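Student: Have a look at the structure that comes next, please.
The values are calculated or read from the model by the stated rules, or taken from the named source; none is laboratory data. Keep in mind it's a predicted model, so treat the numbers as computed, not measured. Every residue, glycine as well, gets a Cβ built from its backbone with ideal geometry; the counts of neighbours run over all protein chains shown. Only protein heavy atoms, including side chains, enter the accessible area calculation; ligands, DNA and RNA are left aside. Shrake-Rupley method; radii C 1.70, N 1.55, O 1.52, S 1.80 Å.
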Amino acid sequence: MSAPSDVKGRLPGSGRAVVAGAGVVGVCSALYLQREGWNVTLVDPDGPGEGCSFGNAGLLADTAVVPVATPDILASVPKMLLDPMAPLAIRWSYLPKLAPWLLRFLAASRPSRVEEISQALATICARVFEDFQPLIADAGAQDLVQRRGYLGAYRNPAKLAGMRWELALKRSRGMKAEELGPEELRQLEPALARDVVGGYFLPGCGHTVNPLALTQRFVAAFERLGGTVRRARVVDFTDFGEDGPRAVVTDGGQLLCDLVVIAAGAYSRTLAARLGADVPLDTERGYHTVIADPGIQLRLPLMCGDGSFGITPMATGLRLAGTVELGGTEAAPNHRRLEPMRAHAKALLPGLKVEGGTQWMGRRPSMPDSLPVIGRSPQHRNVLLAFGHGHLGLTLSAPTGRLIADLASERTPAIDVTPFRPERF
Ligand SMILES: Cc1cc2nc3c(=O)[nH]c(=O)nc-3n(C[C@H](O)[C@H](O)[C@H](O)COP(=O)(O)OP(=O)(O)OC[C@H]3O[C@@H](n4cnc5c(N)ncnc54)[C@H](O)[C@@H]3O)c2cc1C
(Lines give C-alpha, C1' and ligand atoms only; values in the text may rest on other atoms or scores of the structure.)
Protein backbone atom coordinates (compact mmCIF):
# COMPACT_ATOMS: atom_id res chain seq x y z
CA MET A 1 0.00 0.00 0.00
CA SER A 2 1.43 3.39 -0.90
CA ALA A 3 1.12 6.45 1.33
CA PRO A 4 -2.08 8.50 1.19
CA SER A 5 -1.92 11.63 -0.94
CA ASP A 6 -1.69 14.96 0.84
CA VAL A 7 -4.96 15.96 2.47
CA LYS A 8 -3.70 18.90 4.48
CA GLY A 9 -5.19 22.28 3.60
CA ARG A 10 -7.77 21.16 1.07
CA LEU A 11 -8.98 17.84 -0.13
CA PRO A 12 -7.29 16.66 -3.28
CA GLY A 13 -9.22 16.82 -6.55
CA SER A 14 -8.14 13.26 -7.03
CA GLY A 15 -7.00 10.70 -4.51
CA ARG A 16 -8.20 7.45 -3.04
CA ALA A 17 -11.87 7.25 -2.20
CA VAL A 18 -13.43 4.31 -0.41
CA VAL A 19 -17.20 3.96 -0.68
CA ALA A 20 -18.73 1.69 1.99
CA GLY A 21 -21.81 0.06 0.46
CA ALA A 22 -22.52 -0.92 -3.14
CA GLY A 23 -26.24 -0.28 -3.24
CA VAL A 24 -27.52 2.02 -5.91
CA VAL A 25 -26.62 5.08 -3.80
CA GLY A 26 -23.03 3.97 -3.17
CA VAL A 27 -22.59 2.93 -6.80
CA CYS A 28 -23.83 6.28 -8.17
CA SER A 29 -21.58 8.10 -5.69
CA ALA A 30 -18.64 5.97 -6.83
CA LEU A 31 -19.39 6.72 -10.49
CA TYR A 32 -19.59 10.47 -9.95
CA LEU A 33 -16.39 10.48 -7.88
CA GLN A 34 -14.68 8.48 -10.61
CA ARG A 35 -15.78 11.04 -13.20
CA GLU A 36 -13.91 13.66 -11.12
CA GLY A 37 -10.70 11.66 -11.23
CA TRP A 38 -10.92 9.91 -7.86
CA ASN A 39 -9.45 6.45 -7.62
CA VAL A 40 -12.48 4.69 -6.14
CA THR A 41 -12.93 1.38 -4.30
CA LEU A 42 -16.45 0.15 -3.60
CA VAL A 43 -16.61 -2.14 -0.56
CA ASP A 44 -19.55 -4.42 0.18
CA PRO A 45 -19.80 -7.88 1.75
CA ASP A 46 -22.52 -8.76 -0.76
CA GLY A 47 -22.85 -8.36 -4.50
CA PRO A 48 -23.56 -4.82 -5.78
CA GLY A 49 -27.24 -3.94 -5.72
CA GLU A 50 -28.27 -7.01 -3.72
CA GLY A 51 -29.46 -5.07 -0.65
CA CYS A 52 -32.54 -2.89 -0.59
CA SER A 53 -31.70 -1.74 -4.12
CA PHE A 54 -32.52 -5.23 -5.39
CA GLY A 55 -36.20 -5.25 -4.67
CA ASN A 56 -37.72 -1.81 -5.11
CA ALA A 57 -40.63 -0.90 -7.34
CA GLY A 58 -38.21 0.54 -9.88
CA LEU A 59 -39.75 4.00 -10.01
CA LEU A 60 -37.82 7.11 -10.86
CA ALA A 61 -40.39 9.21 -9.08
CA ASP A 62 -39.27 12.75 -9.79
CA THR A 63 -42.54 14.15 -8.40
CA ALA A 64 -42.09 12.47 -5.02
CA VAL A 65 -42.38 15.59 -2.88
CA VAL A 66 -44.75 14.21 -0.24
CA PRO A 67 -43.06 12.92 2.93
CA VAL A 68 -44.16 9.66 4.59
CA ALA A 69 -45.25 11.49 7.75
CA THR A 70 -48.14 13.64 6.56
CA PRO A 71 -50.34 15.84 8.80
CA ASP A 72 -52.98 13.10 9.20
CA ILE A 73 -50.47 10.43 10.31
CA LEU A 74 -51.16 10.76 14.05
CA ALA A 75 -54.70 9.44 13.53
CA SER A 76 -53.22 6.31 11.89
CA VAL A 77 -50.93 5.36 14.81
CA PRO A 78 -53.49 3.08 16.58
CA LYS A 79 -54.03 1.12 13.35
CA MET A 80 -50.26 0.97 12.78
CA LEU A 81 -49.91 -0.66 16.20
CA LEU A 82 -52.93 -2.95 16.09
CA ASP A 83 -52.89 -4.33 12.56
CA PRO A 84 -49.67 -6.11 11.49
CA MET A 85 -51.05 -6.26 7.93
CA ALA A 86 -51.70 -2.49 7.65
CA PRO A 87 -49.88 -0.67 4.82
CA LEU A 88 -47.98 1.11 7.59
CA ALA A 89 -47.46 -1.18 10.58
CA ILE A 90 -45.29 -1.16 13.71
CA ARG A 91 -43.92 -4.32 15.35
CA TRP A 92 -44.73 -4.12 19.06
CA SER A 93 -41.50 -5.81 20.05
CA TYR A 94 -39.50 -3.07 18.31
CA LEU A 95 -41.48 -0.16 19.77
CA PRO A 96 -39.12 0.63 22.70
CA LYS A 97 -36.16 0.95 20.31
CA LEU A 98 -38.22 2.79 17.71
CA ALA A 99 -39.73 5.35 20.10
CA PRO A 100 -37.18 8.20 19.58
CA TRP A 101 -37.39 7.77 15.78
CA LEU A 102 -41.17 7.61 15.93
CA LEU A 103 -41.42 10.84 17.93
CA ARG A 104 -39.26 12.61 15.35
CA PHE A 105 -41.35 11.05 12.58
CA LEU A 106 -44.52 12.45 14.16
CA ALA A 107 -42.84 15.84 14.68
CA ALA A 108 -41.98 15.90 10.97
CA SER A 109 -45.69 15.62 10.13
CA ARG A 110 -46.46 19.21 11.24
CA PRO A 111 -47.84 21.15 8.25
CA SER A 112 -45.02 23.73 8.38
CA ARG A 113 -42.38 20.97 8.44
CA VAL A 114 -44.12 19.07 5.64
CA GLU A 115 -43.93 22.22 3.55
CA GLU A 116 -40.16 22.58 4.17
CA ILE A 117 -39.50 18.88 3.53
CA SER A 118 -41.51 19.01 0.35
CA GLN A 119 -39.48 21.99 -0.88
CA ALA A 120 -36.22 20.19 -0.19
CA LEU A 121 -37.45 17.07 -1.99
CA ALA A 122 -38.53 19.19 -4.96
CA THR A 123 -35.04 20.68 -5.37
CA ILE A 124 -33.34 17.28 -5.47
CA CYS A 125 -36.11 15.62 -7.51
CA ALA A 126 -35.63 18.28 -10.17
CA ARG A 127 -32.17 16.82 -10.89
CA VAL A 128 -33.15 13.17 -11.27
CA PHE A 129 -33.09 12.66 -15.04
CA GLU A 130 -30.30 15.14 -15.74
CA ASP A 131 -28.04 13.36 -13.26
CA PHE A 132 -28.99 9.84 -14.38
CA GLN A 133 -28.43 10.61 -18.04
CA PRO A 134 -24.59 10.48 -18.14
CA LEU A 135 -24.49 7.37 -15.95
CA ILE A 136 -27.00 5.54 -18.14
CA ALA A 137 -25.12 6.60 -21.26
CA ASP A 138 -21.72 5.46 -19.92
CA ALA A 139 -23.20 2.15 -18.79
CA GLY A 140 -25.14 1.57 -22.01
CA ALA A 141 -28.21 1.00 -19.84
CA GLN A 142 -30.79 2.75 -22.02
CA ASP A 143 -32.70 -0.52 -22.44
CA LEU A 144 -33.27 -0.72 -18.68
CA VAL A 145 -34.89 2.69 -18.19
CA GLN A 146 -38.13 4.07 -19.58
CA ARG A 147 -39.81 7.43 -19.07
CA ARG A 148 -43.48 6.99 -19.84
CA GLY A 149 -45.23 8.16 -16.68
CA TYR A 150 -46.89 6.62 -13.65
CA LEU A 151 -50.55 5.91 -12.97
CA GLY A 152 -52.38 5.80 -9.65
CA ALA A 153 -55.75 4.08 -9.37
CA TYR A 154 -58.29 3.85 -6.53
CA ARG A 155 -61.41 1.77 -5.87
CA ASN A 156 -61.99 3.37 -2.49
CA PRO A 157 -63.54 6.89 -2.81
CA ALA A 158 -62.30 7.97 0.65
CA LYS A 159 -58.70 7.08 -0.25
CA LEU A 160 -59.07 8.89 -3.56
CA ALA A 161 -60.32 12.01 -1.75
CA GLY A 162 -57.41 11.75 0.70
CA MET A 163 -54.91 11.71 -2.18
CA ARG A 164 -56.03 15.03 -3.69
CA TRP A 165 -53.93 17.22 -1.42
CA GLU A 166 -50.85 15.25 -2.53
CA LEU A 167 -51.59 16.12 -6.15
CA ALA A 168 -52.12 19.75 -5.12
CA LEU A 169 -48.75 19.72 -3.31
CA LYS A 170 -47.02 18.36 -6.42
CA ARG A 171 -48.66 21.02 -8.59
CA SER A 172 -47.68 23.74 -6.11
CA ARG A 173 -44.07 22.70 -6.82
CA GLY A 174 -44.63 23.19 -10.54
CA MET A 175 -44.95 19.47 -11.31
CA LYS A 176 -47.35 17.87 -13.76
CA ALA A 177 -49.91 15.78 -11.86
CA GLU A 178 -53.23 15.14 -13.59
CA GLU A 179 -56.30 13.81 -11.81
CA LEU A 180 -58.12 11.30 -14.03
CA GLY A 181 -61.61 9.82 -13.99
CA PRO A 182 -62.27 6.08 -14.33
CA GLU A 183 -62.73 6.16 -18.10
CA GLU A 184 -59.54 8.13 -18.72
CA LEU A 185 -57.66 5.73 -16.47
CA ARG A 186 -58.97 2.68 -18.31
CA GLN A 187 -57.98 4.21 -21.64
CA LEU A 188 -54.41 4.37 -20.39
CA GLU A 189 -54.60 0.98 -18.65
CA PRO A 190 -57.34 -1.33 -20.00
CA ALA A 191 -56.55 -4.03 -17.41
CA LEU A 192 -58.09 -1.89 -14.61
CA ALA A 193 -61.28 -3.06 -12.87
CA ARG A 194 -64.71 -1.60 -13.70
CA ASP A 195 -65.17 -0.31 -10.14
CA VAL A 196 -62.14 2.01 -10.19
CA VAL A 197 -63.39 5.42 -9.04
CA GLY A 198 -60.48 7.60 -10.11
CA GLY A 199 -56.79 8.26 -9.87
CA TYR A 200 -53.95 10.24 -11.40
CA PHE A 201 -51.27 10.33 -14.06
CA LEU A 202 -47.75 11.64 -13.46
CA PRO A 203 -46.41 11.97 -17.01
CA GLY A 204 -42.83 12.87 -16.07
CA CYS A 205 -41.98 9.78 -14.02
CA GLY A 206 -39.73 7.00 -15.25
CA HIS A 207 -38.96 3.47 -14.17
CA THR A 208 -36.40 0.76 -14.58
CA VAL A 209 -37.49 -2.66 -15.75
CA ASN A 210 -34.77 -4.29 -13.62
CA PRO A 211 -33.32 -2.46 -10.58
CA LEU A 212 -30.65 -5.12 -9.93
CA ALA A 213 -29.48 -5.16 -13.55
CA LEU A 214 -29.30 -1.35 -13.57
CA THR A 215 -26.95 -1.28 -10.57
CA GLN A 216 -24.91 -4.16 -12.00
CA ARG A 217 -24.62 -2.38 -15.36
CA PHE A 218 -23.41 0.75 -13.53
CA VAL A 219 -20.83 -1.34 -11.67
CA ALA A 220 -19.61 -2.93 -14.90
CA ALA A 221 -19.00 0.57 -16.31
CA PHE A 222 -17.30 1.59 -13.05
CA GLU A 223 -14.89 -1.36 -13.30
CA ARG A 224 -14.30 -0.78 -17.02
CA LEU A 225 -13.25 2.79 -16.15
CA GLY A 226 -10.74 1.54 -13.57
CA GLY A 227 -12.80 1.32 -10.38
CA THR A 228 -12.31 -1.52 -7.90
CA VAL A 229 -14.97 -3.60 -6.17
CA ARG A 230 -13.98 -5.37 -2.93
CA ARG A 231 -16.15 -8.06 -1.31
CA ALA A 232 -15.66 -7.10 2.34
CA ARG A 233 -17.45 -5.54 5.28
CA VAL A 234 -16.28 -2.21 6.60
CA VAL A 235 -15.84 -2.65 10.34
CA ASP A 236 -13.89 0.41 11.47
CA PHE A 237 -11.65 3.34 10.56
CA THR A 238 -8.13 4.08 11.70
CA ASP A 239 -5.06 6.30 11.39
CA PHE A 240 -6.99 9.45 12.16
CA GLY A 241 -5.27 12.59 10.93
CA GLU A 242 -6.31 16.22 10.82
CA ASP A 243 -9.02 15.54 8.24
CA GLY A 244 -10.24 12.19 9.49
CA PRO A 245 -9.40 8.54 8.93
CA ARG A 246 -6.57 7.65 6.56
CA ALA A 247 -7.51 3.99 6.43
CA VAL A 248 -10.69 1.94 6.32
CA VAL A 249 -10.65 -1.33 8.26
CA THR A 250 -12.52 -4.19 6.61
CA ASP A 251 -12.88 -7.84 7.55
CA GLY A 252 -10.55 -8.49 4.62
CA GLY A 253 -7.78 -6.01 5.50
CA GLN A 254 -7.17 -2.27 5.47
CA LEU A 255 -7.62 0.19 2.63
CA LEU A 256 -5.79 3.52 2.62
CA CYS A 257 -8.00 6.46 1.80
CA ASP A 258 -8.14 10.18 1.30
CA LEU A 259 -11.91 10.21 1.31
CA VAL A 260 -14.55 7.92 2.83
CA VAL A 261 -18.18 7.79 1.74
CA ILE A 262 -20.64 5.97 3.99
CA ALA A 263 -23.40 4.55 1.81
CA ALA A 264 -24.27 1.36 3.67
CA GLY A 265 -28.02 1.87 3.49
CA ALA A 266 -29.92 0.78 6.62
CA TYR A 267 -26.60 -0.27 8.20
CA SER A 268 -24.96 3.15 8.02
CA ARG A 269 -25.75 4.38 11.51
CA THR A 270 -22.96 2.66 13.42
CA LEU A 271 -20.37 3.51 10.77
CA ALA A 272 -21.46 7.16 10.73
CA ALA A 273 -21.42 7.31 14.54
CA ARG A 274 -17.82 6.05 14.53
CA LEU A 275 -17.06 8.98 12.25
CA GLY A 276 -18.65 11.67 14.37
CA ALA A 277 -22.18 11.78 12.98
CA ASP A 278 -24.99 10.72 15.32
CA VAL A 279 -27.96 10.29 12.99
CA PRO A 280 -31.40 8.87 13.83
CA LEU A 281 -31.43 6.35 11.00
CA ASP A 282 -33.83 3.41 11.19
CA THR A 283 -35.48 1.19 8.64
CA GLU A 284 -38.85 0.99 6.94
CA ARG A 285 -39.12 -2.61 5.85
CA GLY A 286 -40.93 -3.19 2.56
CA TYR A 287 -42.06 -6.31 0.72
CA HIS A 288 -42.37 -7.49 -2.83
CA THR A 289 -43.58 -10.40 -4.89
CA VAL A 290 -42.68 -10.90 -8.54
CA ILE A 291 -45.16 -12.83 -10.63
CA ALA A 292 -43.40 -14.28 -13.65
CA ASP A 293 -46.60 -15.18 -15.51
CA PRO A 294 -49.23 -12.64 -14.35
CA GLY A 295 -51.74 -13.27 -17.16
CA ILE A 296 -51.95 -9.54 -17.99
CA GLN A 297 -49.55 -7.01 -19.41
CA LEU A 298 -49.47 -3.57 -17.82
CA ARG A 299 -48.64 -0.67 -20.10
CA LEU A 300 -47.35 1.54 -17.29
CA PRO A 301 -46.25 1.24 -13.68
CA LEU A 302 -49.26 1.61 -11.43
CA MET A 303 -49.80 2.70 -7.83
CA CYS A 304 -52.49 0.67 -6.11
CA GLY A 305 -53.93 3.55 -4.10
CA ASP A 306 -56.11 1.37 -1.85
CA GLY A 307 -53.16 -0.73 -0.65
CA SER A 308 -50.39 1.91 -0.99
CA PHE A 309 -47.96 -0.15 -3.08
CA GLY A 310 -46.61 -0.15 -6.60
CA ILE A 311 -47.29 -2.61 -9.42
CA THR A 312 -44.50 -2.39 -11.95
CA PRO A 313 -44.06 -4.29 -15.21
CA MET A 314 -40.49 -5.58 -15.07
CA ALA A 315 -38.27 -7.73 -17.23
CA THR A 316 -38.68 -10.59 -14.74
CA GLY A 317 -42.47 -10.31 -14.39
CA LEU A 318 -44.99 -8.09 -12.65
CA ARG A 319 -43.67 -6.76 -9.35
CA LEU A 320 -45.99 -5.81 -6.47
CA ALA A 321 -43.77 -3.78 -4.13
CA GLY A 322 -44.20 -1.49 -1.17
CA THR A 323 -45.82 -0.95 2.24
CA VAL A 324 -43.99 -0.09 5.44
CA GLU A 325 -43.23 -2.19 8.50
CA LEU A 326 -41.34 -0.47 11.31
CA GLY A 327 -39.54 -3.41 12.89
CA GLY A 328 -35.78 -2.83 12.76
CA THR A 329 -33.13 -4.58 10.69
CA GLU A 330 -32.94 -7.89 12.57
CA ALA A 331 -36.47 -9.35 12.83
CA ALA A 332 -37.44 -12.11 10.40
CA PRO A 333 -39.67 -11.10 7.47
CA ASN A 334 -43.44 -11.50 7.80
CA HIS A 335 -44.28 -12.53 4.26
CA ARG A 336 -47.95 -12.72 5.20
CA ARG A 337 -47.87 -8.98 4.62
CA LEU A 338 -47.95 -9.86 0.92
CA GLU A 339 -51.46 -11.33 1.26
CA PRO A 340 -53.37 -8.02 1.44
CA MET A 341 -51.17 -6.71 -1.38
CA ARG A 342 -52.14 -9.66 -3.58
CA ALA A 343 -55.82 -9.19 -2.69
CA HIS A 344 -55.77 -5.47 -3.49
CA ALA A 345 -53.90 -6.10 -6.76
CA LYS A 346 -56.36 -8.79 -7.81
CA ALA A 347 -59.33 -6.49 -7.09
CA LEU A 348 -57.72 -3.65 -9.06
CA LEU A 349 -56.64 -5.86 -11.97
CA PRO A 350 -59.20 -8.69 -12.26
CA GLY A 351 -57.23 -10.53 -14.96
CA LEU A 352 -54.14 -10.81 -12.73
CA LYS A 353 -52.94 -14.24 -11.64
CA VAL A 354 -51.37 -13.57 -8.25
CA GLU A 355 -50.35 -17.11 -7.34
CA GLY A 356 -46.83 -18.45 -7.24
CA GLY A 357 -44.78 -15.27 -7.04
CA THR A 358 -41.40 -14.88 -5.34
CA GLN A 359 -41.26 -13.27 -1.87
CA TRP A 360 -38.80 -10.65 -0.70
CA MET A 361 -38.34 -8.21 2.16
CA GLY A 362 -35.96 -5.25 2.05
CA ARG A 363 -34.83 -2.61 4.52
CA ARG A 364 -35.27 0.94 3.39
CA PRO A 365 -32.70 3.19 5.08
CA SER A 366 -35.04 5.79 6.55
CA MET A 367 -34.75 9.08 8.36
CA PRO A 368 -37.74 10.27 10.37
CA ASP A 369 -38.20 13.36 8.18
CA SER A 370 -38.15 11.48 4.82
CA LEU A 371 -35.04 13.39 3.76
CA PRO A 372 -31.75 11.64 3.00
CA VAL A 373 -28.47 12.41 4.70
CA ILE A 374 -26.12 13.93 2.14
CA GLY A 375 -23.26 15.85 3.65
CA ARG A 376 -19.99 15.96 5.48
CA SER A 377 -19.35 14.47 8.90
CA PRO A 378 -19.47 17.28 11.46
CA GLN A 379 -16.14 15.97 12.83
CA HIS A 380 -14.11 14.84 9.83
CA ARG A 381 -13.55 16.73 6.66
CA ASN A 382 -12.73 13.67 4.54
CA VAL A 383 -15.90 11.79 5.50
CA LEU A 384 -19.05 12.15 3.42
CA LEU A 385 -22.40 10.57 4.22
CA ALA A 386 -24.90 9.33 1.63
CA PHE A 387 -27.73 7.28 3.10
CA GLY A 388 -31.24 7.46 4.53
CA HIS A 389 -33.09 7.80 1.23
CA GLY A 390 -36.11 5.84 2.46
CA HIS A 391 -38.68 5.41 -0.31
CA LEU A 392 -36.59 7.33 -2.83
CA GLY A 393 -33.17 5.69 -2.90
CA LEU A 394 -33.32 4.66 -6.52
CA THR A 395 -34.85 7.96 -7.63
CA LEU A 396 -32.32 10.10 -5.77
CA SER A 397 -29.24 7.92 -6.26
CA ALA A 398 -27.79 9.80 -9.23
CA PRO A 399 -28.45 13.30 -7.79
CA THR A 400 -26.87 12.09 -4.53
CA GLY A 401 -23.81 10.86 -6.41
CA ARG A 402 -23.40 14.20 -8.09
CA LEU A 403 -23.73 16.07 -4.80
CA ILE A 404 -21.19 13.78 -3.14
CA ALA A 405 -18.74 14.56 -5.95
CA ASP A 406 -19.41 18.29 -5.51
CA LEU A 407 -18.74 18.02 -1.78
CA ALA A 408 -15.63 15.88 -2.31
CA SER A 409 -14.22 18.52 -4.63
CA GLU A 410 -15.26 21.29 -2.24
CA ARG A 411 -17.35 22.93 -4.96
CA THR A 412 -20.60 24.70 -4.24
CA PRO A 413 -23.08 21.83 -4.63
CA ALA A 414 -25.54 21.84 -7.53
CA ILE A 415 -28.37 22.45 -5.04
CA ASP A 416 -28.55 23.64 -1.44
CA VAL A 417 -27.68 20.62 0.70
CA THR A 418 -28.52 22.28 4.03
CA PRO A 419 -31.81 20.33 4.43
CA PHE A 420 -29.85 17.05 4.09
CA ARG A 421 -27.06 17.84 6.58
CA PRO A 422 -26.37 15.02 9.05
CA GLU A 423 -26.52 17.28 12.10
CA ARG A 424 -30.05 18.57 11.42
CA PHE A 425 -31.63 16.74 14.38
C1 LIG B 1 -40.58 -2.53 -1.36
C2 LIG B 1 -39.74 -1.34 -1.73
C3 LIG B 1 -40.08 -0.56 -2.83
C4 LIG B 1 -39.30 0.55 -3.16
N5 LIG B 1 -39.60 1.24 -4.30
C6 LIG B 1 -38.82 2.29 -4.66
C7 LIG B 1 -39.05 2.97 -5.88
O8 LIG B 1 -39.94 2.61 -6.66
N9 LIG B 1 -38.26 4.03 -6.19
C10 LIG B 1 -37.25 4.44 -5.36
O11 LIG B 1 -36.61 5.45 -5.66
N12 LIG B 1 -36.97 3.78 -4.22
C13 LIG B 1 -37.72 2.73 -3.85
N14 LIG B 1 -37.44 2.03 -2.71
C15 LIG B 1 -36.34 2.49 -1.86
C16 LIG B 1 -34.98 2.10 -2.40
O17 LIG B 1 -34.96 0.75 -2.81
C18 LIG B 1 -33.92 2.34 -1.33
O19 LIG B 1 -34.03 3.64 -0.82
C20 LIG B 1 -32.52 2.17 -1.92
O21 LIG B 1 -32.38 0.90 -2.47
C22 LIG B 1 -31.46 2.42 -0.87
O23 LIG B 1 -30.22 2.24 -1.53
P24 LIG B 1 -28.88 2.20 -0.71
O25 LIG B 1 -27.79 2.08 -1.69
O26 LIG B 1 -28.86 3.35 0.25
O27 LIG B 1 -29.04 0.90 0.22
P28 LIG B 1 -28.85 -0.64 -0.15
O29 LIG B 1 -29.33 -0.95 -1.51
O30 LIG B 1 -29.44 -1.42 0.98
O31 LIG B 1 -27.28 -0.82 -0.19
C32 LIG B 1 -26.52 -0.73 0.99
C33 LIG B 1 -25.35 -1.67 0.82
O34 LIG B 1 -24.47 -1.50 1.93
C35 LIG B 1 -23.92 -2.75 2.23
N36 LIG B 1 -23.38 -2.72 3.59
C37 LIG B 1 -24.04 -2.82 4.76
N38 LIG B 1 -23.16 -2.76 5.78
C39 LIG B 1 -21.93 -2.60 5.23
C40 LIG B 1 -20.62 -2.49 5.77
N41 LIG B 1 -20.40 -2.49 7.08
N42 LIG B 1 -19.59 -2.37 4.90
C43 LIG B 1 -19.78 -2.34 3.57
N44 LIG B 1 -21.01 -2.43 3.01
C45 LIG B 1 -22.06 -2.57 3.83
C46 LIG B 1 -25.07 -3.73 2.04
O47 LIG B 1 -24.57 -5.05 1.81
C48 LIG B 1 -25.76 -3.14 0.82
O49 LIG B 1 -25.35 -3.73 -0.38
C50 LIG B 1 -38.19 0.91 -2.35
C51 LIG B 1 -37.84 0.12 -1.27
C52 LIG B 1 -38.60 -1.00 -0.95
C53 LIG B 1 -38.20 -1.85 0.22
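Student: Expressed as cubic angstrom per residue, what is the convex hull volume of the alpha carbon set of the stretch 101-248?
Tutor: Working: hull volume 31.9 nm³, N = 148.
Normalising the Cα hull of the stretch 101-248 by residue number yields 216 Å³.
Student: Once the Cα atoms of helix 211-224 and of the chain are each reduced to a long axis, what angle between those two axes, in degrees from 0 to 90 to the nearest 10, is obtained?
Tutor: Rounded to the nearest ten degrees, it is 20.
Student: Against the longest alpha carbon principal axis of the chain, how many degrees, from 0 to 90 and to the nearest 10, is the axis of helix 157-172 turned?
Tutor: Taking the Cα atoms of the chain, the angle to 157-172 is about 40 degrees.
Student: Another one. Divide the volume of the convex hull of the Cα atoms of the stretch 1-141 by its number of residues and quote the answer in cubic angstrom per residue. Each step should come with its number before you reach the end.
Tutor: Working: hull volume 28.7 nm³, N = 141.
Given the Cα convex hull of the stretch 1-141, per-residue volume reads 203 Å³.
Student: Pairs of Cα atoms under 8 Å, at least six residues apart: use those to get the relative contact order of the chain, whole percent. Working shown, then result.
Tutor: On the way: 992 pairs, mean separation 109.8, N = 425.
Here the relative contact order equals 26 percent.
Student: With all distinct Cα pairs included, what does the Kirkwood hydrodynamic radius of the stretch 85-179 come out to in Å, to one decimal, could you say?
Tutor: 17.1
Student: Which loop trypsin sites (Lys or Arg not before Pro) in the stretch 368-425, with loop taken from DSSP, have no more than 13 other Cβ atoms within 10 angstrom of their Cβ? Could the numbers behind the result be given before it?
Tutor: Details: sites: ARG376, ARG381, ARG402, ARG411, ARG424; in loops: ARG381, ARG411.
Filter output for the stretch 368-425: ARG411.
Student: Leaving out same-chain residues fewer than 8 places away, which lysines sit with a Cα under 26 Å from that of LYS353?
Tutor: Candidates past the 8-residue exclusion: LYS159.
Student: Can you give the relative contact order of the stretch 20-124 as a percent, counting alpha carbon pairs under 8 Å and 6+ residues apart? Intermediate values should be presented prior to the final figure.
Tutor: On the way: 78 pairs, mean separation 28.1, N = 105.
For the stretch 20-124, the relative contact order is 27 percent.
Student: Starting from the stretch 322-375, pick out the trypsin sites (Lys or Arg not before Pro) whose DSSP state is loop and whose Cβ has at most 15 other Cβ atoms within 10 Å. Walk me through the intermediate numbers first.
Tutor: On the way: sites: ARG336, ARG337, ARG342, LYS346, LYS353, ARG363; in loops: LYS353.
Those satisfying the criteria are LYS353.
Student: Just from its helices, what would the mean residue ellipticity at 222 nm be for the chain, if runs of 4 or more DSSP H residues each count -39500 (n - 2.57) and the sum is divided by every residue, rounded to the nearest 500 deg cm²/dmol?
Tutor: Per the formula, -9500 deg cm²/dmol.
Student: Now for a separate question. Carbon-plus-sulfur fraction of the accessible area of the chain, 1.4 Å probe, in percent?
Tutor: Values: 8680 of 16470 Å².
Carbon plus sulfur share of accessible area: 53 percent.
Student: Oh, and also: At what distance in angstrom do the alpha carbon centres of the stretch 15-41 and the stretch 347-379 lie from each other?
Tutor: Taking the Cα centre of each part, the stretch 15-41 and the stretch 347-379 sit 23 Å apart.
Student: May I pose another question? Under 17 Å from a point 7 Å along the Cα-to-Cβ line of GLN119: which residues of the stretch 40-82 have their amide N that close?
Tutor: Residues 65-67 fall inside that zone.
Student: Another question, if that's okay. Return one whole number: the accessible area per residue of the chain in Å², for a 1.4 Å probe. Mind showing how you got there, number by number?
Tutor: Values: 16470 Å² over 425 residues.
Averaged over the residues of the chain, the accessible area is 39 Å².
Student: What is the Cα convex hull volume of the chain when expressed per residue in Å³?
Tutor: Working: hull volume 54.0 nm³, N = 425.
It is 127 Å³ per residue.
Student: Say we join alpha carbon atoms closer than 10 Å with springs in a Gaussian network model of the chain; which of PRO399, PRO45, PRO100 then has the biggest fluctuation?
Tutor: In this elastic network of the chain, the residue with the biggest mean-square fluctuation among PRO399, PRO45, PRO100 is PRO100.
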